[in-house]
Amino acid sequence: MIHALFFFLILFFLFFYKTSSKISPISVSLSLSLSLTLWPSKQNNMNSATYPTISVGLLLLLTLHFLLPMVAESYGGRESGLGGSWELLLNSSGVVVMHMALTHLNTVIFYDQTSSGRTGYLLHPNRTCSAAAGGGNSSEGNDEGNSTNSMSSVDDCWAHSMAYDVATNSLRPLSLRTDTWCSSGSFLGNGTLRQTGGYGSGIRKIRFLQPCSDFSCDWTESPTPLADDRWYATSQILPDGGTDGANRPISHSTSSPLSLSQLSIARLRRPPASLACAARLRRPFAHNHSPHFTSSPLSHLSNHQPDVARLIADVARLLADVARLQTFYWLVCLGFVSDTDIGIDGADRVFILGGLNTFTYEFVPKSHSDEAAYDLPFLRQTRESTEKGNNLYPFVHLSSDGNLFIFANRDSILFDYRRNAVVRTFPRIPDTGARNYPSTGSSVILPLHHSDGFHRVEVMICGGAAAGAYQASRRGEYRRALSSCGRMVITEDFPEWTMEEMPGPRLMSDMLVLPTGDIFIINGATAGCAGWQSSINPVLSPYLYSPNGIPGERFSILPASNIPRMYHSAALLLPDGRILVGGSNPYYRYNFSGYPYPTELRMEAFTPYYLSEIFDGRRAMNVMVTGEGEAGIRYGEEFVVTFDIAFSSAVVEFVASAAPFVTHSLSMHQRVLRLGCREMEGVVEGTVRATVSAPPSPIAAPPGYYMLTVVNGGIPSKSIWVRFTF
């Protein structure tokens, strides 16, 4: 019996060593050597009582040895008690983090409102500061216990915007001239931050900040105003520029069919789809220092007949590409939409939607100076007048057909902004409460995958307020927030919401898509609605949601912060893998007392489980990109990623994450893609070179900077910046 047990043990480790990378060569050699050493024989005088003890000890040792590195891959660290940790970065951010955006130079630009009056950072300590200028009062702000004098900072001694340097943990004040309260923002393709709207003097303003490394950059204002008031509006970067090659606007009428000779298919830059994203490592590093990777069924052929393999792979990619042509591109090929309508040569264009008592959308930049805003009846239909709208800051996501998914209150549509037409209406999300401001929930799209041409788009919405929560909060009654989340694949023929329950009620939370594919939910409260003194009971513990986990077991509760983050708080993912968190309740003149949850200036970071040192052996280090041109990586092109790795994993993935603009629990433009990988090879001991494919089109990934992360067996590397462009 004992002989059979040890024989089975040897076969077990040999089998898994042959078929999986989850067991290191050290584990195998240790198990074999100890097993053979303890193999009973007639010459072995081992006491029968000590033999089981050593056997059990051996089994425990081996189990711990190979299971520990597998914790992240199999359980994401959630079952190991490695939930993460908190770190206080700054006692004062100077300015409340109401709006926040990460630049490609690893600086975080954040700002509050100029109407807050005194802040935590005095710009001119030796000068007499004027009172608030311009503006006037708004009942909307007074209802929430906050003054809303919209003053210009020309004579203001207080900073209302800051630049935070991640590497040095330091701040630099920036200058704002008009009020940015409850505004929206986006990045241009070159990394410039574009901010739109605000309140009072800033309600139709457009502002720019081009990041710099020499501390000379600051906010500038465009002389061209927005077409409509934009307070509590949402923006979405467009994939097509919104104009034709001559910067003419796209007509909102139906186009006449065009002949195929008029099409410029080359300008579409339709790339070949990658055969594989996740490259599987079948064995650890061999003695020739070249790890053996299998990236596709053709990899064994490519090792011996590269020319034939390349030809077969090209044909396979071409067939796959044809099979996955999206509806929009079929329209191009059939002549119903011209290549000028696609607007490949258009400048950076953004779609701006809604605002308080604003039921329109517009494009920035305008195609001509007198271009007006366009009416969208859906915004009127979803407005609850007695609840301050419940459709402000609508959720907007770019779908894989080039149209926009728009969600407001409880309803959603697919909108063709080129034709000013609703393409389809989706089912109403279950539950009785609303999901948009002031019943503030949050929304993301789950990671897009190269394996289906980035076609499948699944929206997730979590939290919100109970029906009637806004009016109830004005009476001092704080109703329990929603605890439900809904998921819907909007690209299916017959989409339906699938509902799940969070560990508890939650509103005003931020949802971040991590490089691992998990969803990180942080900040917020359990009762009331958004607004000053309109909610109670802060939620101090983040949640981690695993989209591919077992239903009913997908949520985990992570370690709690001791700082309440409620109204006007924000969070975003940093390139080093931490989550930056700041803001909460910027009362007028930054009142730090007299309220249950006063103005909060402390800035902190949450360190997820995957940054633990025990995973450093699995973490890809020294990630670098080659093959990137001066303007960036063009759509559909391949580029080379090199990195060092000590411990091989079953799956290596390459993840691109767009930098969002974060405010009011809404991460505008947040988008995560799992890129295709054609091949990986070891060049020297511990160093890997991978050939990765850029997204095929701006519909998959609008132009701009993305954080590129190598995820090895569920453990992400530090991210580096890449730029995708035409």
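Readers should treat all values here as calculations from the given coordinates under stated rules, not as data from a laboratory. Bear in mind that the values here come from a model prediction, so they are computed numbers and not experimental data. All Cβ positions, even for glycine, are placed from backbone atoms using ideal geometry, and neighbour counts span all protein chains on display.
One table, with the values for the structure above:
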read-out: Per-residue ³J(HN,Hα) for the stretch 651-656, Karplus 6.51 cos²θ - 1.76 cosθ + 1.60, θ = phi - 60°, Hz, x for Gly and Pro; value: 9, 10, 10, 10, 10, 10
read-out: From phi via Karplus (6.51, -1.76, 1.60), per-residue ³J(HN,Hα) for the stretch 516-530 in Hz, x at Gly/Pro; value: 6, x, 6, 10, 9, 10, 9, 6, x, 9, 9, 8, x, 8, 6
read-out: Environment charge of Ser186, counting only residues whose C-beta is closer than 11 Å and scoring Lys/Arg +1, Asp/Glu -1; value: +1
read-out: Sequence-distant residues sharing a close amide H with Ser535 (under 5 Å, placed H); value: Cys529
read-out: Rough spin-label spacing in nm, given labels placed 7 Å along Cα→Cβ, for Arg589 and Ala646; value: 5.6 nm
read-out: Charge sum, other residues only, whose C-beta stays under 12 Å from Ser399's C-beta, Lys/Arg counted +1 and Asp/Glu -1; value: -1
read-out: Intensity falloff of the stretch 427-498 expressed as log10 I(q)/I(0), Debye formula with alpha-carbon point scatterers, at q = 0.12 Å⁻¹; value: -0.41
read-out: Solution diffusion estimate, µm²/s, Stokes-Einstein, the stretch 621-726, Kirkwood Rh from C-alpha pairs, 37 °C, viscosity 0.692 mPa s; value: 230 µm²/s
read-out: Spherically averaged projected area in nm², based on the convex hull that wraps the Cα atoms of the stretch 436-568; value: 8.7 nm²
read-out: Charge sum, other residues only, whose C-beta stays under 11 Å from Ile579's C-beta, Lys/Arg counted +1 and Asp/Glu -1; value: -3
